[in-house]
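K.L.:
Quick one: the structure is below, and I'll ask about it shortly.
The values are calculated or read from the model by the stated rules, or taken from the named source; none is laboratory data. No experiment lies behind these values; they were computed from the predicted model shown. Methodologically, a virtual Cβ is constructed for each residue, glycine included, from the backbone with ideal geometry; neighbour enumeration extends over all protein chains shown.
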Amino acid sequence: MMRSTSESKALWGGLAAPGAALLLVLFVIPLFLLIAFSFGTTNIIGQPQFGTTLINYELVFRDYNLAVVLRTLFYAATATLLCLLIGYPYAYFVARFGGKYAPALIAAVILPWLVDYLVRIYAWRQLLSEEGILNQGLTALGFSGVSWIGTPISVIIGLTYSYLPLMILPLYAALNDFDESLLEAGKDLYGGPVATFWTVTFPSTLSGVAGGIILVFLPALGDFATAQFLGGAQTTMLGNIIADQFTQSGSATFGAALAVSMIVFLIFVLSIVLISLRKRRSLMSLVGGGGA
């Protein structure tokens, strides 16, 4: 029996080794190099050199960089909120009334998302251009055309569209698992459908809400293609600055410091959400145990 257990462990260890090695080479080592370069300097030809300076992190918090950070947070938070406001009603409708058409309705959200990211961004660029469909519709209604490209609105629209499926899927999963018998009990206790929704349905699906917020907010915070193709000089996001430091500006160490700062912030946000969810589950289990 012991031999069988040891052989099983060796087998699973051998199967896991290629994946672990790939993870080490493609993720862990580059991350450590990124952290090491963030404390370094660049030589005369712009190549990064290892060091122990904090100047790169000081630059992150300079006024002109801090303004970009705050703008990025605003864009990502606004897009996340819009995804929630759009995604929750859609997921709710599909989960409760979709019936046999629910898979098709979810597929309708996922299939466009499978199209190449840049193709979808270019499509929005055409829609929002001065000669685009949106301006043509406004002109037909008697309004003057608007220059959408290069504005915060176009960037937020692009971010919302790009990450909306990542909000809908966890919401649909949470709503699909929701026990509808709780609605009848909620109506008896709280009365109308609005009160029942806010006191029963929404709190019961907070895990899906939190999952959607994480899946949308984190990638939106690091997005750079949307601001690059739909935005302008006044809508630059943090991802654009990081990409420019590595590809054009020749300051990879500063770009590394920006990237590390973003990673630390994302870990902080993720930790807050997970801790909040854990505390809520613990509270619910205590309430349930007390009620039992």
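K.L.:
Within segment 91-101, identify whether any single residue is modelled with pLDDT of 85 or more and more than 28 Å from residue 200 (Cβ to Cβ), and answer yes or no.
P.N.:
Looking through segment 91-101, none of the residues is modelled with pLDDT of 85 or more and more than 28 Å from residue 200 (Cβ to Cβ).
K.L.:
List every residue pair whose Cβ atoms sit under 6 Å apart, with the two residues 6 or more apart in sequence or on different chains, where the first one lies in segment 95-107 and is over 16 Å from residue 177 (Cβ atoms) and the second, anywhere, is part of a helix (DSSP H, G or I) and not hydroxyl-bearing (Ser, Thr, Tyr).
P.N.:
Pairs that qualify, where the first residue is over 16 Å from residue 177 (Cβ atoms) and the partner is part of a helix (DSSP H, G or I) and not hydroxyl-bearing (Ser, Thr, Tyr), are 105/94.
K.L.:
May I pose another question? Being surrounded by 11 or more Cβ atoms within 10 Å (Cβ to Cβ), of a type in the set (A, V, I, L, M, F, W, C) and more than 19 Å from residue 221 (Cα to Cα) is the filter here, so list the residues in segment 33-63 that pass it.
P.N.:
33, 35, 36, 37, 39, 50, 54, 55, 59
K.L.:
Pairs only if they're at least six apart or on different chains, beta carbon under 6 angstrom, first in segment 235-262 and surrounded by fewer than 19 Cβ atoms within 10 Å (Cβ to Cβ), second small (Gly, Ala, Ser) and assigned to a loop (DSSP other than H, G, I, E, B); list them, first residue then second.
P.N.:
250/46
K.L.:
Related question: List every residue pair whose Cβ atoms sit under 6 Å apart, with the two residues 6 or more apart in sequence or on different chains, where the first one lies in segment 46-59 and is closer than 10 Å to residue 254 by Cα and the second, anywhere, is part of a helix (DSSP H, G or I) and among the hydrophobic types (A, V, I, L, M, F, W, C).
P.N.:
48/37; 48/252; 56/254; 56/257; 57/257; 59/254
K.L.:
Go through segment 115-140 and give me each residue that's modelled with pLDDT under 80 and acidic (Asp, Glu).
P.N.:
Result: 130, 131.
K.L.:
With the condition kept exactly as written, say whether any residue in segment 64-83 is farther than 30 Å from residue 193 by Cα, of a type in the set (S, T, N, Q), touching a residue at least 24 places away in the same chain (Cβ under 8 Å) and surrounded by 15 or more Cβ atoms within 10 Å (Cβ to Cβ). Break it down stepwise before answering.
P.N.:
Pass one, segment 64-83, residues farther than 30 Å from residue 193 by Cα: 64-76.
Then keep just the ones that are of a type in the set (S, T, N, Q); that gives 65, 72.
Okay, now just the ones that are also touching a residue at least 24 places away in the same chain (Cβ under 8 Å), so 65, 72.
Still in the list and also surrounded by 15 or more Cβ atoms within 10 Å (Cβ to Cβ): 65, 72.
For segment 64-83, residues farther than 30 Å from residue 193 by Cα, of a type in the set (S, T, N, Q), touching a residue at least 24 places away in the same chain (Cβ under 8 Å) and surrounded by 15 or more Cβ atoms within 10 Å (Cβ to Cβ): present.
K.L.:
I've got another one for you. Out of the residues in segment 200-234 that are surrounded by 16 or more Cβ atoms within 10 Å (Cβ to Cβ) and of a type in the set (Phe, Trp, Tyr), which is modelled with the highest pLDDT?
P.N.:
Once the filter is applied, the top-ranked residue is 217.
K.L.:
If you don't mind, another one. Just checking, does segment 14-37 include any residue being at pLDDT 80 or above, in contact with a Ser or Thr (Cβ under 7 Å, 6 or more places away or on another chain) and not basic (Lys, Arg)?
P.N.:
Taking every residue of segment 14-37 in turn, at least one turns out to be at pLDDT 80 or above, in contact with a Ser or Thr (Cβ under 7 Å, 6 or more places away or on another chain) and not basic (Lys, Arg).
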